[in-house]
1. Out of all the residues in region 127-142, which are of a type in the set (A, V, I, L, M, F, W, C) and touching a Phe, Trp or Tyr at 6+ places or on another chain (Cβ under 9 Å)?
2. For region 76-109, name all the residues that are hydrophobic (A, V, I, L, M, F, W, C) and part of a loop (DSSP other than H, G, I, E, B).
3. For the condition at pLDDT below 95 and either crowded, with 16+ Cβ neighbours inside 10 Å or not in a loop (DSSP other than H, G, I, E, B) (or both), what is the one hit in GLY112, GLY73?
4. When the residues of region 67-83 are narrowed to those that are touching a residue at least 40 places away in the same chain (Cβ under 8 Å) and of a type outside the set (A, V, I, L, M, F, W, C), which ends up farthest from PRO34 (Cα to Cα)?
5. Restricting to region 122-147, and then to whatever is among the polar types (S, T, N, Q) and assigned to a helix (DSSP H, G or I), can you tell me which residue is nearest to GLU189 (Cα to Cα)?
6. Return the total of residues in region 167-203 being within 18 Å of TYR142 (Cα to Cα), in contact (Cβ under 8 Å) with a residue 40 or more places away in the chain and either acidic (Asp, Glu) or in a helix (DSSP H, G or I) (or both).
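The values are calculated or read from the model by the stated rules, or taken from the named source; none is laboratory data. On a predicted model such as this, the values are computed, not experimentally measured, just so you know. Here the Cβ positions follow ideal geometry from the backbone for every residue, glycine too, while neighbour counts run over all protein chains shown.
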Amino acid sequence: MSTVDQLTNGNSGRLRITEIFFSLQGETRTVGWPTAFVRLTGCPLRCGYCDTPYAFAGGRWMTLADILDEVAGLDPRFVTVTGGEPLAQKPCQALLSSLCDAGYEVSLETSGAMDVADVDQRVSMVLDVKTPGSGEESKNLYQNLTRLAAKDQVKFVICDRTDYDWARAKLETLLRDTPCEVLFSPEHEGMNATELADWILADRLPVRMQIQLHKYLWGNDRGR
């Protein structure tokens, strides 16, 4: 059985956790807010620009109660569950609901390759649509886009002009009537942020341009 299969099947309701840490949210609607991050281990994708390959394997098995205790010790208002791909672990759904029950403002960062139908409605989802430049375009589950609400966000990581044109086409078709915000983010290593901003302005796209604040503050340091 592969590592991904083991994680998907779960381990007696426990979750494999790469790290739990407190930092500033670097992206999305709550950018800049102090946030507790729960990073789950494992991912079925291998995006070419992935900045967390250390989360593919390893980590530690934790009970739901232990995770909640560690998060409570950080005393956050906002909690982000991320990965890897958090939904690759079935008990993630229970974790999300438990965090909401505890009174946190909870967001989920997901690749868009896993079905989001059962995600607690109180959770704000940040759902990636994988561009051709990611190398994982074929993994997109486009039916997920129909399940998004105004509190959610869709994110495109743009690697080059080809990605930009592709994402713009998706914006005009699949996302034409979406109730949620759409984010365009430059791939940190290879896409010039100013150039992407100029393209968005020239086309007057109804999207939010974002950069990864945490990378400008701390680079690719773990736990940031």
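1. Applying the first criterion (of a type in the set (A, V, I, L, M, F, W, C)) to region 127-142 yields 127, 129, 141.
Listed by number, the list holds a single entry, VAL129.
2. Filtering region 76-109 for residues hydrophobic (A, V, I, L, M, F, W, C) gives 78-79, 81, 87-88, 92, 94-96, 99-100, 102, 106, 108.
ALA102 - this is the single residue of region 76-109 that is hydrophobic (A, V, I, L, M, F, W, C) and part of a loop (DSSP other than H, G, I, E, B).
3. Values: GLY73 fails: at pLDDT below 95.
Being at pLDDT below 95 and either crowded, with 16+ Cβ neighbours inside 10 Å or not in a loop (DSSP other than H, G, I, E, B) (or both) holds for just one of GLY112, GLY73, which is GLY112.
4. So in region 67-83, the residues touching a residue at least 40 places away in the same chain (Cβ under 8 Å) come out as 67, 70-71, 74, 76-83.
Now restrict to residues that are of a type outside the set (A, V, I, L, M, F, W, C): 70, 76-77, 80, 82-83.
Values: GLU70: 16, PRO76: 7, ARG77: 8, THR80: 11, THR82: 15, GLY83: 18 Å.
Checked region 67-83; the qualifying residue farthest from PRO34 (Cα to Cα) is GLY83.
5. Just the residues of region 122-147 that are among the polar types (S, T, N, Q), to begin with: 124, 131, 134, 138, 140, 143-144, 146.
The next check asks that each one be assigned to a helix (DSSP H, G or I); those that pass are 134, 138, 143-144, 146.
Details: SER134: 13, SER138: 23, GLN143: 30, ASN144: 28, THR146: 31 Å.
By that ranking, first place goes to SER134.
6. 2
So that you can scan it fast, the table gives a plain yes or no per residue for (1) more than 18 Å from SER111 (Cβ to Cβ); (2) buried (at least 18 other Cβ atoms within 10 Å of the Cβ); (3) not polar (S, T, N, Q):
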| position | (1), (2), (3) |
| --- | --- |
| THR162 | yes, no, no |
| LYS170 | no, yes, yes |
| HIS188 | no, no, yes |
| PRO206 | yes, no, yes |
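Listed here are the residues, each with its yes/no results for (1) modelled with pLDDT of 95 or more; (2) surrounded by fewer than 19 Cβ atoms within 10 Å (Cβ to Cβ); (3) closer than 26 Å to ALA202 by Cα.
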| position | (1), (2), (3) |
| --- | --- |
| ASP128 | yes, no, yes |
| LYS151 | yes, yes, no |
| CYS159 | yes, no, yes |
| ASP177 | no, yes, yes |
| LEU183 | yes, no, yes |
